[in-house]
Amino acid sequence: MEVSQLRFDGRVVLVTGAGGGLGKAYALAFAERGASVVVNDLGGDFKGEGKSSSAADQVVEEIRAKGGKAVANYDSVEDGEKLVQTALDAFGRIDIVINNAGILRDRSFARISDADWDIIHKVHLKGSFMVTRAAWNHMKNQKFGRIIMTSSAAGIYGNFGQANYSAAKLGLVGLSNTLALEGVKYNVHCNSIAPTAGSRLTQTVMPQDLVDALKPEYVAPLVLWLCHESCQENGSLFEVGAGWIGKMRWERSLGAIIRQKNRPMTPEAVRDEWNKICDFDNATKPRTIQESTGLLYEVLSTIDSGKGISMNPTSQTTSSFDPSQAVGKKLPGSQYSYNHMQPILYALGVGMSTKEPDHLKFLYEGSEDFSCLPTFGVILSQASFMAGGLSSLPGLNIDFTRLLHGEQYLEVYKPIPTSGELTSETTVADILDKGSGAVILLDVHTYCGKDLICYNQFSLFIVGAGGFGGKRSSPKAKETANPPNRPPDVVVNDATTADQAALYRLSGDWNPLHIDPSFAAVGGFQRPILHGLCTFGFSARHALKHFANNDVTKFKAMKVRFAKPVLPGQTLQTEMWKEGNRIYLQTKVKETGAIAITGAYVDLTSTVSTLESKEIVQAGGLQSDLVFDEISRRIKDAGDQLVKKVNAIFQWDITKDGKTVAEWTIDLKNGSGEVYRGKVRGRADTTFTLSDQDFMELVLGKLNPQKAFFAGKLKVKGNIMLSQKLETILKDYAKL
Ligand code: NAI
């Protein structure tokens, strides 16, 4: 057996119409790879007449003879519940449904009777519906399901004499497309295939040698792969046959806007624009209904602005988009005055909460070390062009409703003041031609008096404004960076609230896309989406907390690319990799796995974390560092057992010559435990203070803790009783 063989052990597969042809090939292939198979077949003739159990029985016998697991079911797919019940009765579950059963009633259109129409729809379309619906909730509840719909080239392209059949077959693609959307969050995937194979169905239309050559076994491997748990394909359509597989998608011409503001729309105008409507040059490939209808909003605003009637970006840009005039130009300077309110509002907007004690310094102006989050730097600078200054520039007379925030770079030179009056200077650094759109690189420098506080580069993507013959890249662009090829060092889950966008926008991004459901709907979103820069703020926070102990003076720079929208209420999952002082980042939507922020990194001036203890040992030369390093390893090895046993957080202040030279935290309360350099993030149950040397003597068993305590060598604050539990972690260090 190949090591990487795709197996289906433990999976239960229902194949409809598996008494012969393609269905039989699927049933045999699944069984051979460990699945338990329900072999369904009504056993009628190819027109759907008659009934017999022998077709299914023979396949079951063949599977069993080879040592596989299978049972037969002889019901019509119209009785979907019964088929699924057979799976549950025999094997206790249902994982995979292959809707394959089919018949033909070919007639030229005029001769199709009601009965010819109905039986085809009953077996193909309604049958697939009945079987799938019966299995659906089982799949949803177990968070796994794979479904195949069997379409046909006759449906995709039409086929003479098969009007009833092609209608039903393309109906299955529509069904599959919607199931793919409704199932995805439960890991229930649905795909369609349009196979070609020799079988009794094709015998009547194909020469015998072709029937023999196009084996069903050349279709089955695609079906198996699509149904494997490791396959993420969903909502797709494949043509397959003779050993070839291809994927289908929709293509749409750019089309043309026919209507003009305040004028009637006429059939003559349609006729006159016909070539353009049907011209597939620069065609798009919409993948979702949002991508499709999102365009209508652009159409409405283009017509309303009276800017012209063309959807062709090339012709539009030649008239109004001339980057050569804009590059290098400065926007009018802008000022931003604020007091402590704005940084606090921003901190709440990016998810800080008084529930976390270490967030207080960002939320309470009375805190001793009240600080402004470094990413507030984007708020300071966005004010400079949010007011609309951009469209006042020569050559940039474009439709800003087509603007998407593509990427962001922020570099901070001094901690952002918690209040002040700051000025920003904005320059169009460059404009790139990405074909489908233009990218405007805006450089914003923000000053407090003469001091440069921070620099931002906004990459703004203008949909449809590409094709002006510009360059694709620029030396001025701050590049994204990919994370190392290993699992992340730290993963943080952080739930946004349903009101996250409503709160974040109060920091100054008033785009209704983030609050107004009807506006979001025309933009093609199911509901208002979170600001990209809000996710940016969350992710920065995660890096700052885990690798700089929330010390804002350590934050240097951050770069992100916005890949997919996040909906308020979803959980952000930030994956982080540490390489020196650079923290590589990727932020996902936990519920869907969609990557919201990619190619990202945070640069710190220095880092503080458990991962760095080895470097510190070499630099600082404290003996106790080695021990904490080892404790960290032991805690990792112990999983969460120690946390269950100890349930306490210990802080260690290690001194040398009377001064504290290192602080360590052993957290055996949260998650599966953690050792890190630095003060406790939260509250310690017990704090120990002792010298590096006494610490070593203690763990090596040379110094008795009680004696050390009474001799004043070991100071203990907080819950002294808990220190007894330390034995569990410290014992056996003599062996070090
Ligand atoms: P086939 O006739 O060998 O297999 C279909 C099976 O479905 C038969 O064993 C039949 O008894 C069974 N069946 C019919 N009505 C049923 C019902 N109401 N309940 C349960 N079982 C029933 O045909 P083939 O070629 O293997 O077709 C499989 C599927 O692939 C069909 O949906 C067909 O429309 C589709 N297809 C096949 C193409 C080909 O080139 N073979 C081309 C395009 C689509």
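The values are calculated or read from the model by the stated rules, or taken from the named source; none is laboratory data. Treat the numbers as computed from the prediction; the structure is a model and nothing was measured. Ideal geometry is used to build each Cβ from the backbone, glycine not excepted, and the neighbour counts take in all protein chains shown. Remember, those area values only see protein heavy atoms, side chains included, never the ligands or the DNA or RNA. Shrake-Rupley method; radii C 1.70, N 1.55, O 1.52, S 1.80 Å.
Values as computed for the structure displayed
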item: Members of region 507-522 found to be within 14 Å of LEU567 (Cα to Cα), of a type outside the set (A, V, I, L, M, F, W, C) and part of a loop (DSSP other than H, G, I, E, B), listed by number; result: ASP516
item: Residue selected from region 250-281 under the condition modelled with pLDDT of 85 or more, in a loop (DSSP other than H, G, I, E, B) and of a type in the set (S, T, N, Q), by the criterion surrounded by the fewest Cβ atoms within 10 Å (Cβ to Cβ); result: THR266
item: Verdict on LYS122 being within 14 Å of the ligand (Cβ to nearest atom), modelled with pLDDT of 95 or more, open to solvent by 10 Å² or more (accessible area, probe 1.4 Å) and touching a helix residue (DSSP H, G or I) at 6+ places or on another chain (Cβ under 7 Å); result: yes
item: Search result, residues across region 203-234 that are of a type in the set (Ser, Thr, Tyr), closer than 24 Å to LEU14 by Cβ and open to solvent by 80 Å² or more (accessible area, probe 1.4 Å); result: TYR218
item: Failed item in (1) part of a helix (DSSP H, G or I); (2) near the ligand (Cβ under 9 Å from one of its atoms); (3) open to solvent by 40 Å² or more (accessible area, probe 1.4 Å), with PHE46 passing the rest; result: (1)
item: Any hit, region 212-233, residues being away from the ligand (no atom under 13 Å from the Cβ), modelled with pLDDT under 90 and part of a loop (DSSP other than H, G, I, E, B); result: no
item: Tally of residues being small (Gly, Ala, Ser) and in contact with a strand residue (DSSP E or B) (Cβ under 9 Å, 6 or more places away or on another chain) across region 685-729; result: 4
item: Every residue from region 346-385 that is under 28 Å from the mean Cα position of the chain (by Cα) and surrounded by fewer than 18 Cβ atoms within 10 Å (Cβ to Cβ); result: SER353, LYS355, GLU356
item: Top-ranked residue in region 62-81 [being charged (D, E, K, R) and within 8 Å of the ligand (Cβ to nearest atom); ranked as surrounded by the most Cβ atoms within 10 Å (Cβ to Cβ)]; result: ASP75
item: Number of the condition not met by SER53 [criteria: (1) more than 16 Å from CYS227 (Cβ to Cβ); (2) near the ligand (Cβ under 10 Å from one of its atoms); (3) touching a residue at least 12 places away in the same chain (Cβ under 8 Å)]; result: (2)
item: Subset tally (residues that are more than 9 Å from the ligand (Cβ to nearest atom) and open to solvent by 20 Å² or more (accessible area, probe 1.4 Å)) for region 179-202; result: 7
item: Condition check for GLY435: closer than 27 Å to TYR297 by Cα, part of a loop (DSSP other than H, G, I, E, B) and under 27 Å from the mean Cα position of the chain (by Cα); result: yes
item: Subset of region 82-108 [touching a strand residue (DSSP E or B) at 6+ places or on another chain (Cβ under 6 Å), within 15 Å of the ligand (Cβ to nearest atom) and not polar (S, T, N, Q)]; result: LEU83, ALA87, VAL97, ILE98, ASP106
item: Number of positions in region 155-172 that are hydrophobic (A, V, I, L, M, F, W, C), outside any loop (DSSP other than H, G, I, E, B) and surrounded by fewer than 22 Cβ atoms within 10 Å (Cβ to Cβ); result: 4
item: Options ARG11, ARG7; residue that is within 20 Å of GLU81 (Cα to Cα), at pLDDT 95 or above, out of contact with any helix residue (DSSP H, G or I) (no Cβ under 7 Å at 6 or more places or on another chain) and not small (Gly, Ala, Ser); result: ARG11
item: Filtered residue count, region 1-21, keeping only those that are of a type in the set (Val, Ile, Thr), buried (at least 16 other Cβ atoms within 10 Å of the Cβ) and more than 16 Å from the ligand (Cβ to nearest atom); result: 1
item: Region 434-480, residues that are open to solvent by 20 Å² or more (accessible area, probe 1.4 Å), aliphatic (A, V, I, L, M) and touching a Gly at 6+ places or on another chain (Cβ under 9 Å); result: VAL463
item: Residue in region 120-140 that is farther than 25 Å from GLU239 by Cα and touching a Phe, Trp or Tyr at 6+ places or on another chain (Cβ under 8 Å) present; result: yes
item: Residue check, SER230 of a type in the set (Ser, Thr, Tyr) and closer than 21 Å to ILE289 by Cα; result: no
item: Residues within region 306-338 that are open to solvent by less than 70 Å² (accessible area, probe 1.4 Å) and at pLDDT 75 or above, tallied; result: 9
item: Those residues of region 82-115 which are surrounded by fewer than 16 Cβ atoms within 10 Å (Cβ to Cβ) and over 38 Å from the mean Cα position of the chain (by Cα), in sequence order; result: SER108, PHE109, ALA110, ARG111, SER113, ASP114, ALA115
item: Cβ pairs under 9 Å, 6+ apart, first in region 231-243 and in contact (Cβ under 8 Å) with a residue 12 or more places away in the chain, second of a type in the set (Lys, Arg) and assigned to a loop (DSSP other than H, G, I, E, B); result: GLY235/ARG287; SER236/ARG249; LEU237/ARG249; ALA242/LYS215; GLY243/LYS215
item: Odd one out for SER391 among (1) modelled with pLDDT under 75; (2) polar (S, T, N, Q); (3) not in a helix (DSSP H, G or I); result: (3)
item: Restricting region 22-43 to residues that are part of a loop (DSSP other than H, G, I, E, B) and more than 9 Å from the ligand (Cβ to nearest atom), the residue that is farthest from PHE91 (Cα to Cα); result: ARG33
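Condition check ((1) within 13 Å of the chain's Cα centre (by Cα); (2) part of a loop (DSSP other than H, G, I, E, B)) across all residues:
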| position | (1), (2) |
| --- | --- |
| LYS556 | no, no |
| GLY569 | no, yes |
| LEU572 | yes, no |
| TRP577 | no, no |
| GLY593 | yes, yes |
| GLY599 | no, no |
| VAL602 | no, no |
